[in-house]
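S.K.: After the structure tokens below, expect a handful of questions from me.
The values are calculated or read from the model by the stated rules, or taken from the named source; none is laboratory data. Fair warning: this is a prediction, and the values are worked out from it, not measured in the lab. Neighbour counts are summed over all protein chains in view; Cβ atoms, including those assigned to glycine, are modelled from backbone coordinates with ideal geometry.
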């Protein structure tokens, strides 16, 4: 489904030293497919200017939520109309991916009576913040 078999984005690459605990990680939405989907979603709600890129003020892999304009508790971009649009789209893209994977697996294994399960990510170190930064 995703890294470590969990339904989550690979937002904090540990192996190459890019990320260190407890950094917030980074949005994974900058390839041509995700950007095309974001553009389409933004155009679909009449806000084409929201579809060019993900948040530009969300910090980097090792930032803390309060060190960024997007994730800070008070006045953070996550709580703006754009932020709510982006985060809803980003979450839905992950859910859509999980559904595609599970439906595909079901079509392959259902006749073989194989039980399927999925892991829900247990990433928690910034969950206590109002913005739930991406790590």
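S.K.: Quick check, is residue 76 under 15 Å from the mean Cα position of the chain (by Cα) and surrounded by 15 or more Cβ atoms within 10 Å (Cβ to Cβ)?
M.R.: no
S.K.: Right, another one. If I filter region 50-103 down to residues being touching a residue at least 60 places away in the same chain (Cβ under 8 Å) and touching a helix residue (DSSP H, G or I) at 6+ places or on another chain (Cβ under 6 Å), which single residue comes out as farthest from residue 121 (Cα to Cα)?
M.R.: Per the stated criteria, the residue is 70.
S.K.: Taking residue 119 as meeting all but one of (1) in contact with a strand residue (DSSP E or B) (Cβ under 8 Å, 6 or more places away or on another chain); (2) surrounded by 15 or more Cβ atoms within 10 Å (Cβ to Cβ), write down the number of the exception.
M.R.: Unmet for residue 119, out of (1) in contact with a strand residue (DSSP E or B) (Cβ under 8 Å, 6 or more places away or on another chain); (2) surrounded by 15 or more Cβ atoms within 10 Å (Cβ to Cβ): (2).
S.K.: Confirm whether residue 25 is modelled with pLDDT of 95 or more and under 13 Å from the mean Cα position of the chain (by Cα).
M.R.: Judged against the criteria, residue 25 is not a match.
S.K.: Could you list, in sequence order, all residues of region 55-69 that are at pLDDT 95 or above and crowded, with 16+ Cβ neighbours inside 10 Å?
M.R.: 55 - this is the single residue of region 55-69 that is at pLDDT 95 or above and crowded, with 16+ Cβ neighbours inside 10 Å.
S.K.: Same structure again: Which residue, of 109, 86, is surrounded by 17 or more Cβ atoms within 10 Å (Cβ to Cβ) and at pLDDT 90 or above?
M.R.: 86
S.K.: Another one. Go through region 1-42 and give me each residue that's free of Cβ contacts under 8 Å to residues at least 12 places away in the same chain, exposed (fewer than 14 other Cβ atoms within 10 Å of the Cβ) and in a helix (DSSP H, G or I).
M.R.: If the condition is that a residue be free of Cβ contacts under 8 Å to residues at least 12 places away in the same chain, exposed (fewer than 14 other Cβ atoms within 10 Å of the Cβ) and in a helix (DSSP H, G or I), then 32, 33, 36, 40 are the ones that fit.
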